[in-house]
Ligand code: C5P
């Protein structure tokens, strides 16, 4: 694949966790580091794409200054930011670990410890990628699936349910895969193809993913 193989394409990538506020000092979050998404952003930019990286909180930074980084905190903010750009993108890659639920109400003041029990009511967050899938016109959409059981079935189910073109499965059962690690082990599915890859650094995995996307676009 030539160096500037994504020249002329606009790629939007979601990355990292989302934080859902409970009160002014607390939130519900997860251990996503954002590394996979940031590696994808750097690699897509190297290949000549215009890259829009929509990132949840975290310590990752981009080295390539031409990547447009938009920092958000909650799932709702991430959704809104994605749809500022959605019509203009060619490829959307959702690597963010979006919180599935958020507190129904954000307490205005710090919640005091009084009683033995505290109940926080949670409501479902928007599914950003499903919303992208529902509104898809020309965009090539890539999702991620992190599964602990019935992995392939669940991944293929998400491909259909979210109207995606491609899904990247990372299994938590594989040592060194997923979340906080610098390495990942993936299997890619489209409606017609599938391919399993070895355990590699996330930078190398990003190359495999974008090679696969490019091959699909050429079909
Ligand atoms: O349904 P599940 O969370 O397993 O789907 C994972 C895929 O959907 C990932 O690509 C993730 O970024 C995306 N997603 C999203 N918004 C959510 C939940 C998941 O974009 N609220």
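Given the stretch 1-118, what strands (runs of 3 or more DSSP E) lie entirely inside it while holding 3 or more residues that are within 16 Å of the chain's Cα centre (by Cα)?
10-15, 50-55, 68-71, 91-94
Does the stretch 74-88 include one or more residues that are more than 16 Å from residue 133 (Cα to Cα) and away from the ligand (no atom under 16 Å from the Cβ)?
Within the stretch 74-88, not a single residue is more than 16 Å from residue 133 (Cα to Cα) and away from the ligand (no atom under 16 Å from the Cβ).
Please name all residue pairs, on different chains or six or more residues apart, with Cβ atoms under 7 Å, provided the first residue is in the stretch 92-115 and is more than 30 Å from residue 10 (Cβ to Cβ) and the second residue is within 10 Å of the ligand (Cβ to nearest atom).
Matching pairs, first to second residue: 101/124; 101/125.
Take residue 134 and decide whether it is within 13 Å of the ligand (Cβ to nearest atom), more than 14 Å from the chain's Cα centre (by Cα) and either free of Cβ contacts under 8 Å to residues at least 12 places away in the same chain or under 20 Å from residue 155 (Cα atoms) (or both).
Judged against the criteria, residue 134 is a match.
So residue 124 clears everything in (1) at pLDDT 95 or above; (2) more than 10 Å from the ligand (Cβ to nearest atom); (3) farther than 27 Å from residue 205 by Cβ except one condition, right? Which one?
(2)
Tell me the residue from 129, 146 that is in a strand (DSSP E or B), near the ligand (Cβ under 8 Å from one of its atoms) and under 15 Å from the mean Cα position of the chain (by Cα), please.
146
Let me confirm something: among 5, 32, which residue is farther than 20 Å from residue 124 by Cα and touching a residue at least 12 places away in the same chain (Cβ under 8 Å)?
Of 5, 32, the one residue that is farther than 20 Å from residue 124 by Cα and touching a residue at least 12 places away in the same chain (Cβ under 8 Å) is 5.
The values are calculated or read from the model by the stated rules, or taken from the named source; none is laboratory data. Owing to the predicted nature of the structure, the values given are computational and were not obtained by experimental measurement. Neighbour counts run over all protein chains shown; Cβ positions are idealised from the backbone, glycine included.
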